[in-house]
Every structure is written in C-alpha cells, then in structure tokens.
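Please read the structure below before turning to the comments.
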Amino acid sequence: MVRVLFVCLGNICRSPTAEGVFRKLVTEQGMELTIDVDSAGTHAYHIGDPPDQRAVQAAAYREIDLTHLRGRQATLKDFDYFDYLLAMDEENRRHLLSIAPSDLAHKVRLFMEFSNRFNEREVPDPYWGGASGFDRVLDMIEDAARGLLEDIRARHEI
Ligand code: 4NP
C-alpha cells in the first residue's frame with residue numbers, strides 16, 4: 001500500500017480538491033486497493049466542515065464529488081502512516097516540517113513538484129478570491145495528480 005496525504009491550510013479548498021481528483025485517477029486505473037488517499041489542514045479552523053461550496057461546485061463540473069469529505073487537522077500520526085505528505089504551498093510545507101519528526105521529514109514535499117505543465121511551485125490559496133481561482137486550482141491539481149501517479153507507479157513498480 002502506498003499512502004498519500006494532501007495538505008493545505010484549512011482542508012476545505014485545495015487539499016480536498018486534490019484528494020478528490022487523485023482518488024478519481026487512482027480508481028480509474030483500478031488502483032484503489034493499492035493507493036490510499038486522504039487530506040488534512042495545517043490549522044484547526046475547519047475541523048468537521050465540508051469543503052467550500054466553490055470547491056465542491058468546481059469539482060462537480062468535472063464529475064468529481066467532494067461532498068462527503070470533512071475537514072481535519074494533520075497530526076503527528078500522519079507522519080508515520082503516510083508515505084507522501086504533499087503540501088499545497090511553501091507555508092504549508094514549512095508548517096509540516098516544523099512539526100515533523102526529523103527522521104520522517106523526507107516524506108514532506110511540495111505537490112506541484114509532480115506537475116509537468118505548470119512552472120509554479122505552489123497551488124495558490126483560492127479562499128479569498130472568486131470562482132475562477134477554483135478552476136485554475138483544479139487545472140493545476142489535475143496536472144500534478146497525473147505526474148504524481150506516474151511517479152508512484154515508477155518508484156514503487158506498481
Ligand atoms: P485551503 O483554503 O487551505 O485551500 O483549504 C483556505 C481555507 C480557509 C482559510 C484559509 C485558506 N481560512 O483562513 O479560514
């Protein structure tokens with residue numbers, strides 16, 4: 001089993017979107033028993049909350065259902081359980097590194113490292129902007145998710 005955790009600040013916009021996009025891709029490839037997918041926030045503001053309506057709507061246009069997801073905060077246990085803790089931006093990455101046990105810090109990466117089409121290293125926070133921000137976030141996440149799946153399949157020979 002390869003375990004992937006997507007991490008943003010609130011766990012209501014970017015990381016649940018990444019979870020939904022990546023899970024769909026994994027399922028399409030018939031790998032849902034091989035790759036475990038989850039998401040979490042660095043902060044506690046939205047524990048128990050469903051994803052932001054704008055994220056739900058933007059994903060639904062691409063036939064991705066986020067409605068069942070609920071916000072949670074990343075914990076120390078996540079560093080043991082997951083193989084990849086993929087931060088949406090540098091701030092999230094720094095936060096994860098500040099709490100990571102030093103022998104597990106190598107699991108923390110920037111998600112956009114896996115993108116082929118985008119040069120940006122960060123998925124921008126769409127929370128304070130309009131609906132178009134969520135569409136661009138989805139474009140970026142879909143591309144990085146494809147790159148991530150290729151990387152996992154090659155690295156783990158699955
Ligand atoms: P996310 O977006 O990190 O992509 O889920 C945000 C959600 C909520 C807040 C900030 C960013 N907030 O400040 O409540």
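Sort out which residues of region 134-158 are of a type outside the set (A, V, I, L, M) and closer than 18 Å to R117 by Cα, and write them in order of number.
F134, D135, R136, D139, E142, D143, R146, G147, E150, D151
Please go through region 41-87 and pick out each residue that is in contact with a His (Cβ under 6 Å, 6 or more places away or on another chain) and either away from the ligand (no atom under 12 Å from the Cβ) or open to solvent by 100 Å² or more (accessible area, probe 1.4 Å) (or both).
none
Residues that are among the charged types (D, E, K, R), under 13 Å from the mean Cα position of the chain (by Cα) and more than 20 Å from W128 (Cβ to Cβ): does region 54-69 have at least one?
no
Filter region 88-107 for residues that are within 16 Å of the ligand (Cβ to nearest atom) and open to solvent by less than 90 Å² (accessible area, probe 1.4 Å); which is nearest to S15 (Cα to Cα)?
This residue is M88.
Residues of region 115-128 being open to solvent by 40 Å² or more (accessible area, probe 1.4 Å) and not polar (S, T, N, Q), which ones?
Listed by number, the residues that qualify are R117, E120, R121, E122, P124, D125, Y127, W128.
The values are calculated or read from the model by the stated rules, or taken from the named source; none is laboratory data. Remember, it's a predicted structure, so these values are computed and weren't measured experimentally. Quick reminder, even Gly has a Cβ in these numbers, built from the backbone with ideal geometry, and neighbours come from all protein chains shown. For the accessible areas, the whole protein counts, side chains as well, though only heavy atoms, and no ligand, DNA or RNA atoms are used. Shrake-Rupley method; radii C 1.70, N 1.55, O 1.52, S 1.80 Å.
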